[in-house]
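Participant: One structure is given below, represented as structure tokens, and several questions about it will come after.
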Amino acid sequence: MTTRMTRIATTLAAAAVAAALAGTALAQQKCEDPKVLRFSIIPTEETIQELTIYKPVIDILAKNTGKKIEFYMPTSYASVIEAMLGNWVDIAVHGPASYVIGNEKSKTIEVFATYAKAKGIFQEEGPGYHAVLVVKKGSKFADIKSLKGAVVALADPASTSGNLLPRVEFAGTIGGVELEAYFSKVVYSGSHDKSAVAVHEGKADAAFVATHRLDNVIQRGLAKAEDFVVLWKSRLVPQDPFTYRAQLCPELKDKIKATFLGLHTQPAAEKFLKNLQSIKFVSMESKDYDIIRDLRKAQEKQKKN
């Protein structure tokens, strides 16, 4: 190779390296590093109470990220999704189904963790839970067949255990018919807590609720475990996903994830984990929620048939 050709090759190589470095710098510039991080959770009966519960976590998150943390008050599962898609919220807790819905709309909603529950009354230990169909003990409803023509409560259209599982998995136990064709009335209460309380107070004959949410109702003294009878239980599904916006800078996302995964080592977070009846947080990926995607596909197939 001539000296001139060697110089040309060296120049081209240097240019390629410079271009690669420039591309990396550009990619880093495109990520977002906001001064304020907005946090939100799916609504429950005690959302206001949960603000207090989450305070030590928010304090630890603020310290670890160096950011001010603000809370966004949701009105529904869908409002949390829209807030993330609209860049109003940076970190959020979704239901498994609402996360998948949001993730289908935009890959910018990225799951990073969930909590591993301690063993409860209806809830089993680990990062999964069941949907259960409950009736009030002592009522005339002794089995699923007896519920035909009854009033049933669901939580929210975007809820996994309070809508998706009942409409897909439970529907298979009643011949694949729609819930509205089996029950005399299907109502959305707005949350699992309200659904369980509706059964307890006789405002609904039955309700589909998540096992950990049912435990929560009992722990808050709104009902007793012996007030309910479980007539059906779904397969195990993953717990609520904790997510952040994919546009956030990698270093910031790493700090957020590390904060949650390390909460069980923080004395200040001990009460938080206890209130959530959780042992610790565990890492999660999008593929961990494929069971929800399969259920949604099955639901779409039902609608076409």
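The values are calculated or read from the model by the stated rules, or taken from the named source; none is laboratory data. Keep in mind that what you see is a predicted model, and the values were worked out from it rather than measured. Cβ placement follows ideal geometry from the backbone for every residue including glycine, while neighbour counts extend to all protein chains displayed.
Participant: Name the residue that is farthest from Leu261 (Cα to Cα), counting only residues in region 111-125 that are out of contact with any Pro (no Cβ under 9 Å at 6 or more places or on another chain), in contact (Cβ under 8 Å) with a residue 60 or more places away in the chain and surrounded by fewer than 20 Cβ atoms within 10 Å (Cβ to Cβ).
Facilitator: Residue satisfying both the conditions and the ranking: Ile121.
Participant: Between Leu231, Leu276, which is assigned by TED's automatic domain parsing to the domain that holds Gly66, surrounded by 14 or more Cβ atoms within 10 Å (Cβ to Cβ) and either within 30 Å of Lys35 (Cβ to Cβ) or modelled with pLDDT of 95 or more (or both)?
Facilitator: None of the other options fit; the residue is Leu276.
Participant: Go through region 223-236 and count every residue that is aliphatic (A, V, I, L, M) and either free of Cβ contacts under 8 Å to residues at least 60 places away in the same chain or under 15 Å from Ala142 (Cα atoms) (or both).
Facilitator: 4
Participant: In region 234-266, how many residues are modelled with pLDDT under 95 and over 14 Å from the mean Cα position of the chain (by Cα)?
Facilitator: Summing the residues that are modelled with pLDDT under 95 and over 14 Å from the mean Cα position of the chain (by Cα) in region 234-266 gives 2.
Participant: Return the total of residues in region 71-128 being of a type in the set (D, E, K, R), within 15 Å of the chain's Cα centre (by Cα) and in a helix (DSSP H, G or I). Let's see the steps before the verdict.
Facilitator: As a first pass, look at region 71-128 and keep what is of a type in the set (D, E, K, R): 82, 90, 104-105, 107, 110, 117, 119, 124-125.
When the remaining residues are screened for being within 15 Å of the chain's Cα centre (by Cα), the result is 82, 90, 104, 110, 117.
Then keep just the ones that are in a helix (DSSP H, G or I); that gives 82, 104.
Matching residues across region 71-128 total 2.
Participant: I've got another one for you. Please state which one of Val209, Val187, Val132 is outside any helix (DSSP H, G or I), under 18 Å from His94 (Cβ atoms) and in contact (Cβ under 8 Å) with a residue 24 or more places away in the chain. Before you say what the answer is, go through the steps one by one.
Facilitator: On the way: Val187 fails: under 18 Å from His94 (Cβ atoms); Val132 fails: under 18 Å from His94 (Cβ atoms).
Among Val209, Val187, Val132, only Val209 is outside any helix (DSSP H, G or I), under 18 Å from His94 (Cβ atoms) and in contact (Cβ under 8 Å) with a residue 24 or more places away in the chain.
Conditions (1) surrounded by 15 or more Cβ atoms within 10 Å (Cβ to Cβ); (2) in the same structural domain as Ile58 (by TED's automatic domain parsing); (3) more than 30 Å from Gly86 (Cα to Cα), marked per residue:
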residue: Ala207; (1), (2), (3): yes, no, yes
residue: Lys224; (1), (2), (3): no, no, yes
residue: Asp254; (1), (2), (3): no, yes, no
residue: Lys257; (1), (2), (3): yes, yes, no
residue: Leu261; (1), (2), (3): yes, yes, no
residue: Met284; (1), (2), (3): yes, yes, no
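Residues checked against (1) β-branched (Val, Ile, Thr); (2) assigned to a loop (DSSP other than H, G, I, E, B):
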| position | (1), (2) |
| --- | --- |
| Gly138 | no, yes |
| Gly149 | no, yes |
| Asn163 | no, no |
| Arg167 | no, no |
| Ala171 | no, no |
| Ser195 | no, no |
| Val199 | yes, no |
| Lys203 | no, yes |
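Participant: When only residues in region 144-155 that are under 30 Å from the mean Cα position of the chain (by Cα) and not β-branched (Val, Ile, Thr) count, which is farthest from Gly202 (Cα to Cα)?
Facilitator: Top of the filtered list is Ala155.
Participant: Can Ala62 be described as over 18 Å from Asn163 (Cβ atoms), out of contact with any Cys (no Cβ under 9 Å at 6 or more places or on another chain) and without any contact (Cβ under 8 Å) to a residue 40 or more places away in the chain?
Facilitator: Judged against the criteria, Ala62 is a match.
Participant: Residues Thr108, Thr24: which one is at pLDDT below 85 and β-branched (Val, Ile, Thr)?
Facilitator: Answer to the check: Thr24.
Participant: For region 269-305, give me each residue that is more than 27 Å from Ile218 (Cβ to Cβ), part of a helix (DSSP H, G or I) and small (Gly, Ala, Ser).
Facilitator: Ser286, Ala298
Participant: Now a separate question. Going by what's in this entry, would Ser98 be described as at pLDDT below 95, in contact with a helix residue (DSSP H, G or I) (Cβ under 8 Å, 6 or more places away or on another chain) and outside the structural domain of Asn216 (by TED's automatic domain parsing)?
Facilitator: Yes.
Participant: Here is a further query. Does region 42-56 include one or more residues that are part of a loop (DSSP other than H, G, I, E, B), polar (S, T, N, Q) and either at pLDDT 95 or above or within 20 Å of Leu263 (Cβ to Cβ) (or both)? It would help to see each step written out before you state the result.
Facilitator: Residues of region 42-56 part of a loop (DSSP other than H, G, I, E, B): 42-46.
If we keep only those that are polar (S, T, N, Q) as well, we get 44.
With the extra rule that they be either at pLDDT 95 or above or within 20 Å of Leu263 (Cβ to Cβ) (or both), the set shrinks to 44.
Yes; the residues of region 42-56 include at least one that is part of a loop (DSSP other than H, G, I, E, B), polar (S, T, N, Q) and either at pLDDT 95 or above or within 20 Å of Leu263 (Cβ to Cβ) (or both).
Participant: Could I ask something else about it? Any residue in region 165-187 that is of a type outside the set (A, V, I, L, M, F, W, C) and under 15 Å from Pro43 (Cβ atoms)?
Facilitator: No - not one qualifying residue is present in region 165-187.
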